[in-house]
Amino acid sequence: MKHEEIPHPRYRQNRLGVAIYVYVISATALFACVGLAVDGSLAYLEASKIQSVCDAACMAGSLNLTTGNSTTEAIRILVRNGVDPSEIVTVSFSPAVADDGEGIEVILTREVDTSFLRIIGFNKFTVGARAVARNSSTDDIGVCQTSGGCSTYSVFVTEQLDYSGNNAVITHDVVVHGSFSMEDGLNNEFFEDVHVGVNFLVTDNNDHVYGDLHVAGTVDTSGAQNWFLDGIQDSSPTLPAVPTVDDAQIAADAASEGQNYIYNGSSWNRPAPPDASYDGATIVWDNKDGFAMNGNVYVQGGNVTFARFDGCTGTVNILTDGVISFTKSNQHMHPDAVYNFITTNTGNDVIHWVKNQNTYNGVFFATEGGILSDFNSDIINGTIVAKRAILSGNNINIGGTCIQTALLTTETETCYHVHLYE
């Protein structure tokens with residue numbers, strides 16, 4: 001009879017140990033393959049995403065190479081597309097990065113957390129992106145910009161600017177000849193330069209200045225996680241000159257023929273402008289269907305109230321020696337409308353916003369008085385110019401404009417070409 005040999009128990013245990021090693025090695029290899037497929041794909045997608053943002057920022061910066069705002073415009077695009085400041089390796093303007101014309105270079109890095117590869121001790125991928133753009137006279141993407149006779153600001157205050165609120169977006173330069181105070185807020189962003197002639201106080205948190213910061217006096221940035229891209233540039237800044245409006249010329253134009261109007265405290269010099277009504281000494285625009293108005297309006301000895309102006313169109317300068325108020329919410333000027341509001345009143349609250357979610361297009365001048373706001377989610381596609389300003393509210397956006405319409409200045413047009421070649 002044939003007998004089957006039974007392995008000694010010691011040999012059976014050895015084969016079991018070998019199987020465990022084979023299983024562990026195979027499982028590790030399997031996780032590595034799955035991890036490379038899954039985590040590698042996610043890293044590739046993230047790299048593609050930041051490359052697209054990098055390209056867009058570089059193009060936006062190159063469109064501003066002739067204005068001196070190329071790097072701040074590129075940074076604005078990066079941040080608006082979710083790039084954290086810590087991910088920006090460089091945003092630089094240099095003729096050296098382009099072989100034909102001036103150029104701008106943008107470099108980003110981003111860490112991408114892994115999921116499967118974490119099991120084998122690989123926790124992060126680091127991906128990067130680089131873009132270079134230049135302007136020249138030979139490429140086929142034409143861009144035209146206006147320049148000359150005007151300067152672009154979001155806020156210009158000659159004495160004191162106080163801001164308290166959250167999530168403000170200030171697109172262009174802020175100039176304060178006096179002191180600038182930011183308290184009781186967070187997450188406010190300034191995408192271009194901030195110029196302060198006296199003291200700069202920031203006690204709120206997580207505010208960012210992406211342009212240059214120029215402060216002549218004391219700097220107190222005691223709030224947490226405030227970020228200044230280039231630090232404080234100098235302690236003796238040359239402050240831009242105060243914009244001025246030729247109110248005498250506007251008043252004279254309002255007396256001329258055509259679509260021009262003067263209110264002398266009791267009556268108009270001709271039929272009243274569209275949809276203007278009387279409320280004592282106040283001229284009120286309150287039309288739920290919008291209105292069209294052009295020319296110059298001079299309210300002498302009275303106040304101006306804009307209540308309902310949703311969809312209003314036209315280009316107009318509104319001058320008064322009284323107070324200008326905006327008193328209703330959810331009103332949006334037509335995108336092509338330009339309404340410049342000018343007051344010569346010397347009080348502390350001569351332009352007053354008190355409502356929410358409105359859109360204004362134009363310049364607000366109170367160079368002899370103060371501006372007071374308490375609004376939320378408002379958009380000002382224009383500039384605030386005042387002697388004093390107290391701005392409060394959340395989610396406001398002050399876009400800035402090239403101040404020219406109200407100032408009766410001139411502009412020139414420059415056309416050039418942009419090429420993204422890396």
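The values are calculated or read from the model by the stated rules, or taken from the named source; none is laboratory data. Bear in mind the structure is a predicted one, so any value in this text is a computation, not a measurement. Positions of Cβ are backbone-derived with ideal geometry, glycine not excepted, and every protein chain shown enters the neighbour counts.
Specify the residue that is modelled with the highest pLDDT; the eligible residues are those in the range 317-333 that are small (Gly, Ala, Ser) and in a loop (DSSP other than H, G, I, E, B).
Step by step, filter the range 317-333, then rank; the result is GLY322.
Report the residue count in the range 350-382 for those that are outside any strand (DSSP E or B) and either polar (S, T, N, Q) or more than 17 Å from the chain's Cα centre (by Cα) (or both).
9
Determine whether ILE342 is in contact with a helix residue (DSSP H, G or I) (Cβ under 7 Å, 6 or more places away or on another chain) and outside any loop (DSSP other than H, G, I, E, B).
yes
Could you run through the range 314-333 and say how many residues are over 18 Å from ILE250 (Cβ atoms) and crowded, with 17+ Cβ neighbours inside 10 Å?
So the answer is 6.
Within the range 279-292, does at least one residue satisfy the condition of being of a type outside the set (D, E, K, R), assigned by TED's automatic domain parsing to the domain that holds VAL245 and closer than 22 Å to ASN395 by Cβ?
no
Against the conditions (1) at pLDDT 90 or above; (2) among the small types (Gly, Ala, Ser); (3) part of a strand (DSSP E or B), where does GLY347 fall short? Just the number, please.
Every condition holds for GLY347 apart from (3).
If you take the residues of the range 74-90 that are under 17 Å from the mean Cα position of the chain (by Cα) and not in a helix (DSSP H, G or I), which of them is modelled with the lowest pLDDT?
Among those residues, the one meeting the criterion is ASN81.
What residue, among those in the range 252-289 that are within 14 Å of VAL316 (Cβ to Cβ) and among the hydrophobic types (A, V, I, L, M, F, W, C), is surrounded by the most Cβ atoms within 10 Å (Cβ to Cβ)?
Only one residue fits best here, namely ILE283.
Would you mind listing the strands (runs of 3 or more DSSP E) fully within the range 135-232 where at least 1 residues are modelled with pLDDT of 70 or more and not assigned by TED's automatic domain parsing to the domain that holds GLU105?
The qualifying strands (runs of 3 or more DSSP E) are 152-164, 173-176, 179-182, 194-196, 200-202, 213-215.
Among the numbered conditions (1) closer than 13 Å to TYR339 by Cα; (2) out of contact with any Pro (no Cβ under 9 Å at 6 or more places or on another chain); (3) among the aromatic types (Phe, Trp, Tyr), tell me where PHE291 comes up short.
Condition (2) is where PHE291 drops out.
Suppose we filter the range 349-371 for residues that are surrounded by 19 or more Cβ atoms within 10 Å (Cβ to Cβ) and closer than 15 Å to SER164 by Cα; how many remain?
The qualifying residues number 2.
Need pairs with beta-carbon distance below 7 Å; first residue acidic (Asp, Glu) and within the range 376-402, second assigned to a strand (DSSP E or B); sequence gap 6+ or separate chains.
Short answer, once both residue conditions are applied: ASP378/TRP353.
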